[in-house]
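The values are calculated or read from the model by the stated rules, or taken from the named source; none is laboratory data. Everything numeric in this text was worked out from a predicted model, so none of it was measured. Note: ideal-geometry Cβ built from the backbone for every residue, glycine included; neighbour counts use all protein chains shown. Side chains included, ligands, DNA and RNA excluded: accessible areas come from the protein's heavy atoms. Shrake-Rupley method; radii C 1.70, N 1.55, O 1.52, S 1.80 Å.
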Amino acid sequence: MQNIPFWKLRREAARPFLQAKSRIATTFSTPYHDLVLARKRTTSPGRLPERDRIAIFVIFPHKGLAASHLRTIRHLADKGYAPLVVSNLPLGDAEREQVLARCWRLIERPNYGYDFGAYRDGILSIGEQLGRLQRLVLVNDSCWYPLPGSDDWLGKAEALGLDFVGASASHAVDILDVDDLDRMTWHFDMARKDSHYGSFALSLSGRVTSDRRFLRFWKRLVLSNLKEKVVRHGEIGLTHWALRHGFSHGAVYDARRLDEEFRALPPDVLLHMVERLVPAGDRQSYAKKKDILRSARSDGIDRDRLEKFALLVVARLGMSYSLADYLIERHSFPFLKKSPLWLDAESSRILLEIIEEMGPEADYILAEAREFVPDRMASIA
(Lines give C-alpha, C1' and ligand atoms only; values in the text may rest on other atoms or scores of the structure.)
Protein backbone atom coordinates (compact mmCIF):
# COMPACT_ATOMS: atom_id res chain seq x y z
CA MET A 1 0.00 0.00 0.00
CA GLN A 2 1.27 3.44 -0.92
CA ASN A 3 2.07 5.69 2.03
CA ILE A 4 0.00 8.89 2.05
CA PRO A 5 1.91 12.01 3.11
CA PHE A 6 0.90 13.40 6.47
CA TRP A 7 0.10 16.83 5.02
CA LYS A 8 -2.45 15.26 2.68
CA LEU A 9 -4.09 13.38 5.55
CA ARG A 10 -4.25 16.59 7.57
CA ARG A 11 -5.71 18.50 4.62
CA GLU A 12 -8.41 15.89 4.01
CA ALA A 13 -9.23 15.69 7.71
CA ALA A 14 -9.67 19.45 7.85
CA ARG A 15 -11.77 19.67 4.69
CA PRO A 16 -15.20 18.92 6.31
CA PHE A 17 -14.56 21.55 8.99
CA LEU A 18 -13.53 24.17 6.43
CA GLN A 19 -16.57 23.41 4.30
CA ALA A 20 -18.84 23.67 7.33
CA LYS A 21 -17.20 26.96 8.29
CA SER A 22 -17.76 28.29 4.78
CA ARG A 23 -21.44 27.23 4.83
CA ILE A 24 -21.97 28.90 8.22
CA ALA A 25 -20.27 32.09 7.03
CA THR A 26 -22.40 32.12 3.87
CA THR A 27 -25.60 31.50 5.83
CA PHE A 28 -25.05 34.37 8.24
CA SER A 29 -23.19 36.89 6.07
CA THR A 30 -26.25 38.74 4.80
CA PRO A 31 -28.10 38.79 8.17
CA TYR A 32 -24.86 40.05 9.77
CA HIS A 33 -24.76 42.90 7.28
CA ASP A 34 -28.45 43.75 7.64
CA LEU A 35 -28.57 43.55 11.44
CA VAL A 36 -25.15 44.95 12.34
CA LEU A 37 -23.30 46.76 9.57
CA ALA A 38 -26.37 48.43 8.07
CA ARG A 39 -26.70 50.50 11.25
CA LYS A 40 -23.63 52.42 10.11
CA ARG A 41 -25.22 53.29 6.76
CA THR A 42 -26.35 56.87 6.17
CA THR A 43 -28.65 58.21 3.46
CA SER A 44 -28.73 61.85 2.36
CA PRO A 45 -31.00 63.56 -0.18
CA GLY A 46 -29.22 65.20 -3.10
CA ARG A 47 -30.16 68.38 -4.97
CA LEU A 48 -31.43 66.70 -8.16
CA PRO A 49 -35.04 65.58 -8.60
CA GLU A 50 -36.30 62.02 -8.77
CA ARG A 51 -36.82 60.63 -12.29
CA ASP A 52 -38.24 57.49 -13.86
CA ARG A 53 -34.69 56.57 -14.84
CA ILE A 54 -32.30 55.94 -11.95
CA ALA A 55 -28.57 55.18 -12.20
CA ILE A 56 -26.90 53.60 -9.17
CA PHE A 57 -23.22 54.60 -9.23
CA VAL A 58 -20.98 52.76 -6.75
CA ILE A 59 -17.73 54.40 -5.71
CA PHE A 60 -14.83 53.33 -3.53
CA PRO A 61 -12.92 56.61 -3.04
CA HIS A 62 -9.92 55.16 -1.20
CA LYS A 63 -7.72 57.91 -2.64
CA GLY A 64 -10.38 60.53 -2.05
CA LEU A 65 -13.23 61.71 -4.23
CA ALA A 66 -11.79 62.02 -7.74
CA ALA A 67 -12.55 64.27 -10.69
CA SER A 68 -13.63 61.18 -12.62
CA HIS A 69 -16.27 60.38 -9.99
CA LEU A 70 -17.86 63.78 -10.42
CA ARG A 71 -17.69 63.53 -14.21
CA THR A 72 -19.50 60.19 -14.15
CA ILE A 73 -22.24 61.55 -11.89
CA ARG A 74 -22.70 64.60 -14.13
CA HIS A 75 -22.78 62.40 -17.24
CA LEU A 76 -25.53 60.20 -15.78
CA ALA A 77 -27.60 63.25 -14.90
CA ASP A 78 -27.04 64.83 -18.34
CA LYS A 79 -28.36 61.64 -19.94
CA GLY A 80 -31.65 61.88 -18.06
CA TYR A 81 -30.93 59.64 -15.08
CA ALA A 82 -31.32 60.47 -11.40
CA PRO A 83 -27.90 59.51 -9.95
CA LEU A 84 -28.06 57.44 -6.77
CA VAL A 85 -24.47 57.42 -5.52
CA VAL A 86 -23.43 54.66 -3.12
CA SER A 87 -20.05 55.14 -1.48
CA ASN A 88 -18.32 52.15 0.09
CA LEU A 89 -16.30 54.57 2.21
CA PRO A 90 -17.41 57.56 4.27
CA LEU A 91 -16.90 60.91 2.55
CA GLY A 92 -15.44 64.05 4.04
CA ASP A 93 -17.79 67.01 4.53
CA ALA A 94 -16.52 68.89 1.47
CA GLU A 95 -16.62 65.74 -0.68
CA ARG A 96 -20.14 64.96 0.46
CA GLU A 97 -21.34 68.42 -0.55
CA GLN A 98 -19.80 68.04 -4.01
CA VAL A 99 -21.67 64.78 -4.53
CA LEU A 100 -24.98 66.00 -3.10
CA ALA A 101 -24.94 68.98 -5.46
CA ARG A 102 -24.87 66.58 -8.42
CA CYS A 103 -26.98 63.59 -7.36
CA TRP A 104 -30.50 62.63 -6.35
CA ARG A 105 -29.52 60.51 -3.35
CA LEU A 106 -26.29 59.55 -1.57
CA ILE A 107 -25.78 56.42 0.52
CA GLU A 108 -22.59 55.96 2.56
CA ARG A 109 -22.04 52.43 3.84
CA PRO A 110 -19.39 50.08 5.23
CA ASN A 111 -17.46 48.34 2.47
CA TYR A 112 -19.08 44.92 2.69
CA GLY A 113 -20.00 42.85 -0.35
CA TYR A 114 -18.02 44.91 -2.87
CA ASP A 115 -20.10 46.44 -5.68
CA PHE A 116 -23.00 44.01 -5.24
CA GLY A 117 -23.37 44.89 -1.57
CA ALA A 118 -23.58 48.53 -2.62
CA TYR A 119 -25.95 47.83 -5.53
CA ARG A 120 -28.14 45.91 -3.09
CA ASP A 121 -28.35 48.82 -0.64
CA GLY A 122 -29.17 51.18 -3.49
CA ILE A 123 -31.89 48.92 -4.91
CA LEU A 124 -33.47 48.19 -1.54
CA SER A 125 -33.59 51.93 -0.85
CA ILE A 126 -35.79 52.46 -3.92
CA GLY A 127 -37.96 49.39 -3.45
CA GLU A 128 -41.22 51.34 -3.76
CA GLN A 129 -40.08 53.13 -6.92
CA LEU A 130 -38.91 50.01 -8.79
CA GLY A 131 -42.35 49.39 -10.28
CA ARG A 132 -42.49 52.91 -11.73
CA LEU A 133 -39.07 52.96 -13.37
CA GLN A 134 -38.50 53.10 -17.11
CA ARG A 135 -34.86 52.12 -16.70
CA LEU A 136 -32.38 51.24 -13.96
CA VAL A 137 -28.65 51.46 -14.60
CA LEU A 138 -25.92 49.93 -12.43
CA VAL A 139 -22.38 51.27 -12.86
CA ASN A 140 -19.31 51.36 -10.63
CA ASP A 141 -15.95 53.07 -10.51
CA SER A 142 -13.90 49.99 -11.42
CA CYS A 143 -13.71 51.75 -14.81
CA TRP A 144 -13.19 55.28 -15.98
CA TYR A 145 -16.50 56.18 -17.59
CA PRO A 146 -17.24 57.84 -19.91
CA LEU A 147 -13.97 58.20 -21.78
CA PRO A 148 -13.46 61.42 -23.75
CA GLY A 149 -15.05 61.25 -27.21
CA SER A 150 -16.50 57.80 -26.61
CA ASP A 151 -19.79 56.11 -27.43
CA ASP A 152 -23.13 56.84 -25.75
CA TRP A 153 -23.47 53.48 -24.00
CA LEU A 154 -26.61 54.52 -22.12
CA GLY A 155 -28.41 55.49 -25.32
CA LYS A 156 -27.26 52.40 -27.20
CA ALA A 157 -28.30 50.13 -24.32
CA GLU A 158 -31.83 51.55 -24.42
CA ALA A 159 -31.95 51.47 -28.22
CA LEU A 160 -31.39 47.69 -28.23
CA GLY A 161 -34.89 47.31 -26.81
CA LEU A 162 -33.77 44.52 -24.50
CA ASP A 163 -34.59 43.96 -20.83
CA PHE A 164 -31.11 43.15 -19.51
CA VAL A 165 -28.15 44.82 -21.21
CA GLY A 166 -24.46 44.81 -20.37
CA ALA A 167 -21.56 46.64 -21.91
CA SER A 168 -19.85 43.31 -22.54
CA ALA A 169 -20.05 39.63 -21.60
CA SER A 170 -17.43 37.26 -20.21
CA HIS A 171 -16.81 33.51 -19.92
CA ALA A 172 -19.30 32.60 -22.64
CA VAL A 173 -16.56 30.61 -24.45
CA ASP A 174 -14.50 27.62 -23.31
CA ILE A 175 -11.44 28.76 -21.36
CA LEU A 176 -8.32 26.92 -22.49
CA ASP A 177 -4.74 26.72 -21.37
CA VAL A 178 -2.45 28.88 -23.51
CA ASP A 179 -0.68 25.74 -24.77
CA ASP A 180 -3.97 24.53 -26.26
CA LEU A 181 -3.98 27.22 -28.93
CA ASP A 182 -4.74 24.81 -31.76
CA ARG A 183 -7.98 23.80 -30.05
CA MET A 184 -9.25 27.38 -29.77
CA THR A 185 -12.69 27.87 -31.33
CA TRP A 186 -15.16 30.69 -30.72
CA HIS A 187 -18.49 29.12 -29.74
CA PHE A 188 -20.19 31.93 -27.82
CA ASP A 189 -22.94 30.72 -25.49
CA MET A 190 -24.43 32.73 -22.61
CA ALA A 191 -25.94 29.52 -21.19
CA ARG A 192 -22.50 28.41 -19.96
CA LYS A 193 -22.48 28.21 -16.19
CA ASP A 194 -19.88 30.95 -15.63
CA SER A 195 -21.02 33.33 -18.38
CA HIS A 196 -22.12 36.78 -17.26
CA TYR A 197 -22.57 40.37 -18.28
CA GLY A 198 -19.99 42.56 -16.58
CA SER A 199 -21.41 44.23 -13.48
CA PHE A 200 -19.42 47.40 -14.14
CA ALA A 201 -22.23 48.50 -16.48
CA LEU A 202 -25.76 47.08 -16.63
CA SER A 203 -28.96 48.61 -17.98
CA LEU A 204 -32.29 47.07 -16.94
CA SER A 205 -35.76 47.75 -18.34
CA GLY A 206 -38.88 48.53 -16.30
CA ARG A 207 -40.09 45.03 -17.13
CA VAL A 208 -37.21 43.66 -15.02
CA THR A 209 -37.41 46.16 -12.15
CA SER A 210 -41.19 45.86 -11.80
CA ASP A 211 -41.00 42.07 -11.47
CA ARG A 212 -41.40 41.17 -7.79
CA ARG A 213 -38.80 38.45 -8.22
CA PHE A 214 -36.19 41.11 -8.97
CA LEU A 215 -36.51 42.70 -5.53
CA ARG A 216 -36.62 39.22 -4.00
CA PHE A 217 -33.29 38.38 -5.69
CA TRP A 218 -31.64 41.34 -3.99
CA LYS A 219 -33.17 40.69 -0.59
CA ARG A 220 -31.90 37.10 -0.69
CA LEU A 221 -28.50 37.90 -2.20
CA VAL A 222 -25.63 36.28 -0.32
CA LEU A 223 -23.19 39.02 0.67
CA SER A 224 -19.52 38.28 1.14
CA ASN A 225 -16.14 39.98 1.30
CA LEU A 226 -14.64 37.11 -0.71
CA LYS A 227 -14.37 38.26 -4.31
CA GLU A 228 -15.04 34.83 -5.81
CA LYS A 229 -18.31 34.54 -3.87
CA VAL A 230 -19.38 38.02 -4.99
CA VAL A 231 -18.79 37.03 -8.60
CA ARG A 232 -20.58 33.70 -8.16
CA HIS A 233 -23.66 34.93 -6.29
CA GLY A 234 -23.77 38.45 -7.68
CA GLU A 235 -22.34 38.92 -11.15
CA ILE A 236 -22.99 35.40 -12.45
CA GLY A 237 -26.06 34.96 -10.28
CA LEU A 238 -27.85 38.07 -11.57
CA THR A 239 -27.12 37.25 -15.21
CA HIS A 240 -28.47 33.73 -14.90
CA TRP A 241 -31.45 34.94 -12.89
CA ALA A 242 -32.38 37.11 -15.89
CA LEU A 243 -31.85 34.22 -18.31
CA ARG A 244 -33.89 31.77 -16.21
CA HIS A 245 -36.82 34.15 -16.03
CA GLY A 246 -36.96 34.71 -19.77
CA PHE A 247 -35.85 38.33 -19.99
CA SER A 248 -34.40 39.43 -23.30
CA HIS A 249 -30.70 40.18 -22.96
CA GLY A 250 -27.55 41.20 -24.80
CA ALA A 251 -24.47 43.41 -24.80
CA VAL A 252 -23.93 46.72 -26.56
CA TYR A 253 -20.43 45.58 -27.53
CA ASP A 254 -21.33 42.11 -28.75
CA ALA A 255 -18.63 39.42 -28.77
CA ARG A 256 -20.68 36.69 -30.45
CA ARG A 257 -18.91 37.16 -33.79
CA LEU A 258 -15.57 38.36 -32.51
CA ASP A 259 -13.81 35.63 -34.51
CA GLU A 260 -15.29 36.97 -37.74
CA GLU A 261 -14.30 40.50 -36.78
CA PHE A 262 -10.69 39.46 -36.18
CA ARG A 263 -10.64 37.52 -39.45
CA ALA A 264 -11.50 40.69 -41.37
CA LEU A 265 -8.61 42.72 -39.92
CA PRO A 266 -5.64 43.60 -42.13
CA PRO A 267 -2.48 41.73 -41.03
CA ASP A 268 -0.76 44.80 -39.62
CA VAL A 269 -3.86 45.77 -37.59
CA LEU A 270 -4.16 42.22 -36.28
CA LEU A 271 -0.51 42.23 -35.22
CA HIS A 272 -0.91 45.63 -33.51
CA MET A 273 -3.97 44.37 -31.65
CA VAL A 274 -2.01 41.42 -30.26
CA GLU A 275 0.82 43.75 -29.27
CA ARG A 276 -1.65 45.82 -27.25
CA LEU A 277 -3.47 42.91 -25.60
CA VAL A 278 -3.59 43.54 -21.84
CA PRO A 279 -2.44 40.42 -19.90
CA ALA A 280 -4.15 41.65 -16.67
CA GLY A 281 -1.92 39.65 -14.34
CA ASP A 282 -2.13 36.40 -16.34
CA ARG A 283 1.45 35.10 -16.44
CA GLN A 284 0.67 32.36 -18.94
CA SER A 285 -0.99 34.75 -21.40
CA TYR A 286 1.88 37.21 -21.13
CA ALA A 287 4.55 34.55 -21.71
CA LYS A 288 2.66 33.22 -24.73
CA LYS A 289 2.18 36.73 -26.07
CA LYS A 290 5.95 37.34 -25.99
CA ASP A 291 6.55 34.06 -27.78
CA ILE A 292 3.95 34.72 -30.48
CA LEU A 293 5.15 38.28 -31.15
CA ARG A 294 8.76 37.11 -31.33
CA SER A 295 7.77 34.51 -33.91
CA ALA A 296 5.67 36.98 -35.93
CA ARG A 297 8.56 39.44 -36.15
CA SER A 298 11.17 36.86 -37.09
CA ASP A 299 9.19 34.38 -39.23
CA GLY A 300 6.34 36.52 -40.54
CA ILE A 301 2.70 36.89 -39.55
CA ASP A 302 0.75 33.68 -39.02
CA ARG A 303 -2.82 34.97 -39.16
CA ASP A 304 -4.43 31.85 -37.76
CA ARG A 305 -2.10 31.78 -34.77
CA LEU A 306 -2.58 35.49 -34.00
CA GLU A 307 -6.37 35.26 -34.28
CA LYS A 308 -6.61 32.19 -32.10
CA PHE A 309 -4.31 33.67 -29.49
CA ALA A 310 -6.32 36.91 -29.31
CA LEU A 311 -9.55 34.95 -28.92
CA LEU A 312 -7.98 32.71 -26.27
CA VAL A 313 -6.87 35.73 -24.21
CA VAL A 314 -10.32 37.32 -24.49
CA ALA A 315 -11.89 34.04 -23.35
CA ARG A 316 -9.52 33.84 -20.37
CA LEU A 317 -9.61 37.46 -19.22
CA GLY A 318 -12.70 39.10 -20.69
CA MET A 319 -12.82 41.64 -23.50
CA SER A 320 -13.15 44.72 -21.29
CA TYR A 321 -9.70 43.93 -19.83
CA SER A 322 -7.73 42.32 -22.62
CA LEU A 323 -9.07 44.28 -25.60
CA ALA A 324 -9.03 47.75 -24.07
CA ASP A 325 -7.01 49.37 -26.87
CA TYR A 326 -8.90 47.64 -29.67
CA LEU A 327 -12.34 48.43 -28.24
CA ILE A 328 -11.54 52.08 -27.64
CA GLU A 329 -9.88 52.58 -31.03
CA ARG A 330 -12.37 50.71 -33.23
CA HIS A 331 -15.61 50.78 -31.22
CA SER A 332 -15.34 53.99 -29.15
CA PHE A 333 -15.72 51.86 -26.03
CA PRO A 334 -16.53 54.29 -23.18
CA PHE A 335 -15.05 52.20 -20.35
CA LEU A 336 -11.46 51.62 -19.26
CA LYS A 337 -10.81 49.13 -16.47
CA LYS A 338 -8.50 50.45 -13.73
CA SER A 339 -7.20 47.27 -12.07
CA PRO A 340 -4.62 46.28 -14.74
CA LEU A 341 -2.66 49.35 -13.68
CA TRP A 342 -1.61 47.66 -10.45
CA LEU A 343 -1.65 44.02 -11.57
CA ASP A 344 1.62 43.95 -13.52
CA ALA A 345 4.10 46.17 -15.34
CA GLU A 346 3.07 45.17 -18.87
CA SER A 347 -0.61 45.89 -18.29
CA SER A 348 0.26 49.18 -16.61
CA ARG A 349 2.49 50.22 -19.53
CA ILE A 350 -0.22 49.51 -22.11
CA LEU A 351 -2.97 51.27 -20.19
CA LEU A 352 -0.87 54.38 -19.60
CA GLU A 353 -0.09 54.50 -23.33
CA ILE A 354 -3.79 54.19 -24.16
CA ILE A 355 -4.67 57.07 -21.84
CA GLU A 356 -1.84 59.27 -23.13
CA GLU A 357 -3.07 58.71 -26.68
CA MET A 358 -6.49 60.13 -25.74
CA GLY A 359 -4.89 63.57 -25.59
CA PRO A 360 -5.36 66.54 -23.24
CA GLU A 361 -9.04 65.78 -22.61
CA ALA A 362 -7.93 62.71 -20.66
CA ASP A 363 -5.35 64.50 -18.50
CA TYR A 364 -7.52 63.99 -15.41
CA ILE A 365 -7.61 60.23 -16.12
CA LEU A 366 -3.86 60.13 -16.65
CA ALA A 367 -3.24 61.89 -13.34
CA GLU A 368 -5.48 59.43 -11.50
CA ALA A 369 -3.97 56.45 -13.33
CA ARG A 370 -0.44 57.36 -12.28
CA GLU A 371 -1.58 57.37 -8.65
CA PHE A 372 -2.78 53.77 -9.03
CA VAL A 373 0.58 52.46 -10.29
CA PRO A 374 2.56 51.05 -7.33
CA ASP A 375 6.04 52.45 -6.74
CA ARG A 376 7.39 48.93 -7.23
CA MET A 377 5.40 47.48 -10.10
CA ALA A 378 5.58 43.71 -10.28
CA SER A 379 6.69 42.20 -13.56
CA ILE A 380 5.06 39.05 -14.93
CA ALA A 381 7.88 38.41 -17.36
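Are any residues in segment 31-54 surrounded by 13 or more Cβ atoms within 10 Å (Cβ to Cβ) and among the basic types (Lys, Arg), and if so, which ones?
Hits for segment 31-54 are 41, 51, 53.
Regarding segment 258-281, can at least one residue be identified that is in contact (Cβ under 8 Å) with a residue 24 or more places away in the chain, under 18 Å from residue 169 (Cβ atoms) and open to solvent by 10 Å² or more (accessible area, probe 1.4 Å)?
Looking for residues that are in contact (Cβ under 8 Å) with a residue 24 or more places away in the chain, under 18 Å from residue 169 (Cβ atoms) and open to solvent by 10 Å² or more (accessible area, probe 1.4 Å), one finds at least one in segment 258-281, hence yes.
Limited to segment 256-291, what total is found for residues that are of a type in the set (A, V, I, L, M, F, W, C), touching a helix residue (DSSP H, G or I) at 6+ places or on another chain (Cβ under 8 Å) and within 22 Å of residue 352 (Cα to Cα)?
8
Only residues that are out of contact with any helix residue (DSSP H, G or I) (no Cβ under 8 Å at 6 or more places or on another chain) and over 19 Å from residue 223 (Cβ atoms): list them for segment 105-131, please.
Hits for segment 105-131 are 128, 129.
Looking at segment 79-135, which of its residues are touching a strand residue (DSSP E or B) at 6+ places or on another chain (Cβ under 6 Å), surrounded by fewer than 21 Cβ atoms within 10 Å (Cβ to Cβ) and acidic (Asp, Glu)?
Within segment 79-135, just 108 meets the criteria.
Out of 307, 329, report the one residue that is of a type in the set (Asp, Glu), within 27 Å of residue 266 (Cα to Cα) and touching a residue at least 12 places away in the same chain (Cβ under 8 Å).
Checking each option against the conditions leaves just 307.
Give segment 232-245 a look and list any residue that's open to solvent by 20 Å² or more (accessible area, probe 1.4 Å) and touching a residue at least 24 places away in the same chain (Cβ under 8 Å), or say none.
Hits for segment 232-245 are 233, 235, 240, 243, 245.
For segment 282-302, give me each residue that is charged (D, E, K, R) and either open to solvent by less than 60 Å² (accessible area, probe 1.4 Å) or free of Cβ contacts under 8 Å to residues at least 40 places away in the same chain (or both).
To start, the set of residues in segment 282-302 that are charged (D, E, K, R) comprises 282-283, 288-291, 294, 297, 299, 302.
Across segment 282-302, the qualifying residues are 282, 288, 289, 291, 294, 297, 299, 302.
Please name all residue pairs, on different chains or six or more residues apart, with Cβ atoms under 8 Å, provided the first residue is in segment 57-84 and is over 15 Å from residue 200 (Cα atoms) and assigned to a loop (DSSP other than H, G, I, E, B) and the second residue is polar (S, T, N, Q) and modelled with pLDDT of 95 or more.
Note: pairs meeting the criteria are 61/87; 65/98.
Restricting segment 327-348 to residues that are closer than 13 Å to residue 374 by Cβ and in a helix (DSSP H, G or I), which is most open to solvent (accessible area, probe 1.4 Å)?
Among them, the one singled out is 342.
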